[in-house]
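Worksheet: one structure, shown below.
The values are calculated or read from the model by the stated rules, or taken from the named source; none is laboratory data. This structure is a prediction, so every number in the text was calculated from the model and none was measured. All Cβ positions, even for glycine, are placed from backbone atoms using ideal geometry, and neighbour counts span all protein chains on display. Protein only, heavy atoms only, side chains kept; ligands, DNA and RNA dropped before computing areas. Shrake-Rupley method; radii C 1.70, N 1.55, O 1.52, S 1.80 Å.
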Amino acid sequence: MWLLPLLATLAAVVPSAEAAGFQVKTMRAPLSAVEVERPLVIGKGWFEGSFGYDHKFADGAWTAEGEALQWSGAQWLYTTERLGIRYGITRSSELYWDVPFHYVQLVNPELRTDTASFGIGEPKFGWKLELFNRAIPTTSIVLDVQYKMPTGQETAGTYVGGPNTVATFPMSTGQADLAVFARGKQQMGPIAIEASLGYIHRFSGVSQFVVEVDQYQFSGRFKPGSEFRAELAPMLQLGPIALRGDAVFRQWSAASVGTTSGGFFVDEQLDVVGGSDGWSFDAGGGLVINASRGVDILASAMVPIRGEDLTFFPLESISPTRGPTLSTSVELRY
């Protein structure tokens, strides 16, 4: 019987290193309650799930010289329903995964056109490694490696019989991307600045929307132009609300297409698509409501300032239309 009092005494004085249910994990890295102080990685032991929605309405495009062009009667709706996951595997690294779905609709009363599609987009997964971190004030420098999978719908049907035979829109370019970004964040009191610079290498792949009408062939090799991207986002923390601005510059090389010929250097056999290179600039802003360490609510708007013509419409990732994008999302973390 003497063993029971001894065990009760040990249980009272020895701390436990476990957590059950939704209790705080002892191995979890600290996370600030406000956005301006948080580093660019989520931290060890944190798991985050996000749900978002993007709404883009366009009634115009750009000319080859980058001038705004208004459509006559046509209206294009492009929405994205997003699911995201982040997990901190160590104090300085995280894994993440983003899965988009798209609902798109093209309406033109003058041509009696009303075509809509819904399907999965192009999922991305990646790994962030924090190369440098300092707290109070926060300084965070991150290497971000990202891979895009071409798993979305990539066929537009056959339009040999005319536009009325097209009943769907492609949601994927049909090829993979590998991106590397250097990202940084510097806090100065209630102000912080985030910046990133990256390169996106686009591999070639066989896509079903590369159509050769004279051959009645609906598969071809497609290689979008690789891209340099720069982003800048200043931020101001006002209590539990962080106001932020966003600016995105993109410059990409020319795309190329061709038959599905083989060989070790397939891309060298492709034909360059004239005028498919160019650059764009978007600007906008939004806010982040830090409801708690475990709940954030985000809202933002992006407006295109300059773009290129729609060489590969309706592939918004490489040939975006001219129209504002409104976004909202909720982040839940534990």
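Values for this structure:
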| item | result |
| --- | --- |
| Residue list for the range 264-274, filter: closer than 19 Å to Asp177 by Cα and either in a helix (DSSP H, G or I) or under 25 Å from the mean Cα position of the chain (by Cα) (or both) | Val266, Asp267, Glu268 |
| Yes/no for Gly49 being touching a strand residue (DSSP E or B) at 6+ places or on another chain (Cβ under 6 Å), of a type outside the set (A, V, I, L, M) and assigned to a loop (DSSP other than H, G, I, E, B) | no |
| Lone unmet requirement of (1) out of contact with any Phe, Trp or Tyr (no Cβ under 7 Å at 6 or more places or on another chain); (2) at pLDDT 95 or above; (3) over 30 Å from Ile289 (Cα atoms) for Glu194 | (3) |
| Failed item, numbered, when Gly284 is tested on (1) open to solvent by 20 Å² or more (accessible area, probe 1.4 Å); (2) touching a strand residue (DSSP E or B) at 6+ places or on another chain (Cβ under 9 Å); (3) within 29 Å of Leu106 (Cβ to Cβ); (4) modelled with pLDDT under 95 | (4) |
| Identity of the residue in the range 55-107, part of a strand (DSSP E or B) and hydroxyl-bearing (Ser, Thr, Tyr), that ends up farthest from Ser117 (Cα to Cα) | Thr90 |
| All positions within the range 184-201 that are more than 18 Å from Asn133 (Cβ to Cβ), part of a strand (DSSP E or B) and free of Cβ contacts under 8 Å to residues at least 60 places away in the same chain | Leu197, Gly198, Tyr199, Ile200, His201 |
| One residue from Phe249, Phe264 being modelled with pLDDT under 90 and open to solvent by 60 Å² or more (accessible area, probe 1.4 Å) | Phe264 |
| Residue selected from the range 156-177 under the condition surrounded by fewer than 17 Cβ atoms within 10 Å (Cβ to Cβ) and among the hydroxyl-bearing types (Ser, Thr, Tyr), by the criterion modelled with the highest pLDDT | Thr168 |
| Residue match in the range 306-328 (condition: touching a helix residue (DSSP H, G or I) at 6+ places or on another chain (Cβ under 9 Å), of a type in the set (S, T, N, Q) and surrounded by fewer than 18 Cβ atoms within 10 Å (Cβ to Cβ)) | no |
| Search result, residues across the range 167-183 that are assigned to a loop (DSSP other than H, G, I, E, B) and of a type in the set (Gly, Ala, Ser) | Ala167, Ser172, Gly174, Ala176 |
| Checking Gly274 against (1) crowded, with 18+ Cβ neighbours inside 10 Å; (2) modelled with pLDDT under 90, the condition it does not meet | (1) |
| Test: residue in the range 114-122 that is in a strand (DSSP E or B), of a type in the set (S, T, N, Q), out of contact with any helix residue (DSSP H, G or I) (no Cβ under 6 Å at 6 or more places or on another chain) and modelled with pLDDT of 90 or more | no |
| The one condition in (1) within 24 Å of Lys56 (Cβ to Cβ); (2) assigned to a loop (DSSP other than H, G, I, E, B); (3) open to solvent by 20 Å² or more (accessible area, probe 1.4 Å) that Pro137 fails to fulfil | (1) |
| Filtered residues of the range 88-123 (kept if closer than 19 Å to Gly52 by Cβ, open to solvent by 50 Å² or more (accessible area, probe 1.4 Å), of a type outside the set (Asp, Glu) and without any contact (Cβ under 8 Å) to a residue 40 or more places away in the chain) | Leu95, Trp97, Phe101, Tyr103, Phe118 |
